[in-house]
């Protein structure tokens, strides 16, 4: 396997424009001859499917939910970044680029990030034209707010439902193409394998989740926009069904998996309340604009009513440790700081796993109405879940797994190491390095889907693609049989443990050994435990029913089986990366005051893992990261 | 804490529904309603029985997947709350809880508590969009939009497409769903170009899908987890009427 990032030559500001000129095009009348399969209908998938159909390609689009509108992008709350400089506060493409590279702790590719910043403005324009009801000021112009890791206001938002509104915009564009005949939509359909013919991805195998029928689809290219793998931790802010299956299956067919250990723990989630909890709920980072994070100075105050703790007895630890960014320190830093104060025994709430997010000062300064307008739905959500009123008492928050920066390795054209397989959005690894800044996930998903893939996929068709095989090609039959065989095996076990119990056990192990802080001993313990857990799963899991029916336990079992394989790669990557950077914190590698110690001499590269067969160790390939525009430096938010 | 569940079960689209009584034990009031069903399903699975099929995904009230009628009320009857955000502290220990799927001709049952809501997608495909291709959009600030209009559009745009409005309506009408989308787009200048065609096409698709007519009882708005206002139906009627008069 050779990693060639295909970064175009020339100055960074001109790379994308020159690349667009250099790529080969497919003429409008020829586009209808090409079939593309798009898996996933979140921001990246829906925008790509709609845009490809607008261009004239034949598109089939798949999602496991009952409607494409339900993909988990819908749950993104806070906003989307764009370098518009509408606030006149010194923003520019260059600054967004720098903030993103720095925020990613120098583990992202410069050229990709620059392009992301370049197209960010066009995303806002496109969404406004679709009728996305962004917040506006009294003059009728677009409003902005600040997000972590930036000192400018460049985040566009639609109350606390920005992801929902952007996704509905993309979904509506998709609906228009379904009606026009450009997209065939397959809801309640889960992708279970990629089919490779002649070294190129030429199709997928799917299961109809209603009838249980397995079928193959042939195409000229396959696009995965299937999101992240945060549910390997069981408890996360991801949707219940989010899984690694599509990317993991592609990995086993030849797509390298990059930087799986870069996982993001979001600092502001509602703390865990009980053992049966099935997911964690995020409270938007935008709350940190007006909320102040604190814990009691003294341990003995932790059980007290927060209102009775005097100002002098509170520790506003983010403001204290990071005076210039304060409560808006990047996510990895804010999360780790919360863990530290809780480890010191100063956490609040049940189990001492929580910190306060206090709006008292903002309520005095701005009034209840203003706060309600900005965050009303978040306060209401908090009350629904906890039964507490955050207008009266501070919220309690704690970090939770939220986003995964790692993903399938892609080149500048968003193509994986498996030719013809393109990967977009959270499913790829490319733009966020070791830590994603808030409001950049929506930006990247839409950049990939609306603007980048539609340009680069044509180049693949015009220059490299081999002819589309017929759907009765033996490779398709073989892949179908493999998928059916695997499902049959899961159903034949009839063991004594539930799928959920395995998923929960794996999640707990990953959170403890490979969560917010990692060390060699813990990772080695996890690597020893996971294969045993996998063996028990395949010998003792209980799935009832038959394959040819709607069988939700069977769906979950297939996903957990893949998590049980993937978790090992995640831990292996975390073990090999002997440095701390972004979301990957190795306790052996920290400065005296507890900050991450990056090692650019040894680890300024993308770790891309190649699958070498069942039971074989994966092979590590390194893509060196070169920083020509921004000098490598230690991050400081002090 | 324990509950007695009376669940309407149906093996598949072709089978007849039956009622089954299932005891849910070992619960705590901090659990969500769906977590309670997870616990019940794990037990049923280990007993070799078929777990209760139900839809859910985001479990934070925004994807619109979850769809249960609890004690006769879609989403369980708590204001502004989807089933996935409903917690057991709202139930009494030992209470009997009746669970049914969304019931409407346009929402055929697939299995147990899962229905096919594809009809809502078909309505959206008929006209629930602005016809702009990716690319040629003008600058986002080229067209100022009054804050009040943008806010009202957002009030309608927060619809999650769950279909509770249909399930609550004695006519199984989808007018609140359609009204929300028509309102969102008609309130913004970007959506006005196609307003007439949109209103006519979406109403026609709604009728063809088998949803009933609206008699403005307001049951839809009362159960809407996003508290979409009946105003949306009034606006839809106005948009539709004007389009008819114009003879579009």
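Since every read-out is calculated from the coordinates, none of them should be taken as a lab result. All values derive from a computational prediction rather than experimental measurement. Cβ: placed from backbone, ideal geometry, glycine included. Neighbour counts: every protein chain shown.
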*Choice from B:128, B:140, B:80 with maximal GNM fluctuation in chain B (Cα, 10 Å cutoff)*: B:140
*Using 0.36 nm per residue, how much length does the chain from residue A:521 to residue A:472 gain when fully extended, once their Cα-Cα distance is taken away?*
12.7 nm
*asked:* If you average the alpha carbon positions of region A:604-632 and of region B:1-37, how far apart do those two centres end up, in angstrom?
replied: 48 Å
*At what distance in angstrom do the alpha carbon centres of region A:161-218 and region A:1-29 lie from each other?*
27 Å
*residue A:591-residue A:320 pseudo-label distance in nm [points 7 Å out on the Cα-to-Cβ vector]*: 1.8 nm
*Which percent, nearest 5, of DSSP beta bridges in chain B are antiparallel?*
80 percent
*Equivalent-ellipsoid semi-axes of region A:484-523, from the Cα gyration tensor, Å, largest first*: 30, 11, 8
*Quick one: give the max-minus-min coordinate of the C-alpha atoms of region A:254-356 along each principal axis, largest first, in Å.*
59, 39, 24
*Spin-label model distance (nm) - residue A:305 vs residue A:180, 7 Å beyond Cα toward Cβ*: 6.1 nm
_What number results when the radius of gyration of chain A, computed over Cα atoms, is divided by 2.2 N^0.38 Å?_
0.92
*Under 17 Å from the residue A:622 label point (7 Å along Cα→beta-carbon), backbone N, region A:552-595*: A:573-581
*Once you have the Kirkwood Rh of region A:186-243 from its Cα pairs, apply Stokes-Einstein at 10 °C and 1.306 mPa s and quote D in µm²/s.*
122 µm²/s
*In whole percent, what relative contact order does region B:3-111 give with Cα contacts below 8 Å and a gap of six or more residues?*
35 percent
*How would you rank B:60, A:482, going from fewest to most other Cβ atoms within 10 Å of each one's own Cβ?*
A:482, B:60
*Quantify how strongly other chains surround peptide A:208-219 by giving the mean number of their Cβ atoms within 10 Å of each of its Cβ atoms.*
1
*asked:* Only Cα pairs within less than 10 Å get springs; with that Gaussian network setup on chain B, which residue of B:136, B:161, B:76 has the largest fluctuation?
replied: B:136
*Measure out, as a whole number of angstrom, how far apart the alpha-carbon centroids of region A:314-373 and region A:82-109 sit.*
25 Å
*asked:* Report the per residue volume, in Å³, of the convex hull enclosing the C-alpha atoms of region A:61-145.
replied: 148 Å³
*What is the spread of the Cα atoms of region B:188-248 along each of their three principal axes, largest first, in whole Å?*
33, 28, 17
*Fraction of alpha-carbon pairs over 23 Å apart in region B:3-111 - percent*: 24 percent
*Kindly express, to the nearest 10 degrees and within the range 0 to 90, the angle between helix A:499-514's C-alpha long axis and the longest C-alpha principal axis of chain A.*
60 degrees
*For helix A:552-576, report the angle its Cα long axis makes with the longest principal axis of the Cα atoms of chain A; keep it between 0 and 90° and round to the nearest 10°.*
70 degrees
*Please compute the Cα-Cα pair-distance distribution of region A:456-509 with 5 Å bins starting at 0, giving whole percents from short to long.*
4, 14, 11, 11, 13, 12, 9, 9, 12, 5, 1
*What is the calculated FRET efficiency for residue B:244 to residue B:133, with r their C-beta to C-beta distance and R₀ = 22 Å, to the nearest 0.05?*
0.15
*Spin-label pair residue A:13/residue B:71, simplified geometry with 7 Å Cα→Cβ offset, distance in nm*: 6.5 nm
*Based solely on its DSSP helices, what 222 nm [θ] is calculated for chain A when runs of n ≥ 4 H residues each add -39,500 (n - 2.57) and the sum is averaged over all residues, nearest 500 deg cm²/dmol?*
-11500 deg cm²/dmol
*Would you mind computing the Rg to Rh ratio of chain B from its alpha-carbon coordinates, Kirkwood style for Rh?*
1.04
*Please work out the Cα convex hull volume for region A:536-638 and give it in Å³ per residue.*
201 Å³
_I need the Kirkwood Rh of region B:113-178: take the reciprocal of the average 1/r across all distinct C-alpha pairs and report it in angstrom._
14.7 Å
*What is region A:266-402's relative contact order, in percent, from Cα pairs under 8 angstrom and six or more apart in sequence?*
34 percent
*Using Cα pairs closer than 8 Å and at least 6 residues apart in sequence, work out the relative contact order for chain A, in percent.*
20 percent
*If you count, for every residue in B:72-81, the Cβ atoms of partner chains within 10 Å of its Cβ, what is the mean?*
1
_To check you understand DSSP bridge types, tell me what percent of the beta bridges within chain A (both residues inside) are antiparallel, rounded to 5._
70 percent
_Order of A:162, B:21 under a 10 Å beta carbon neighbour criterion, fewest first_ = B:21, A:162
*Looking only at B:224, B:162, B:58, which one moves most when chain B is put into a Gaussian network model with springs between Cα atoms under 10 Å?*
B:58
*asked:* Shape verdict for region A:68-112, please, from the Cα gyration tensor: rounded (a/c under 1.5), prolate (a/b greater than b/c) or oblate.
replied: oblate
*Cα axis of helix A:368-386 to longest principal axis of chain A: angle in degrees, 0 to 90, nearest 10?*
70 degrees
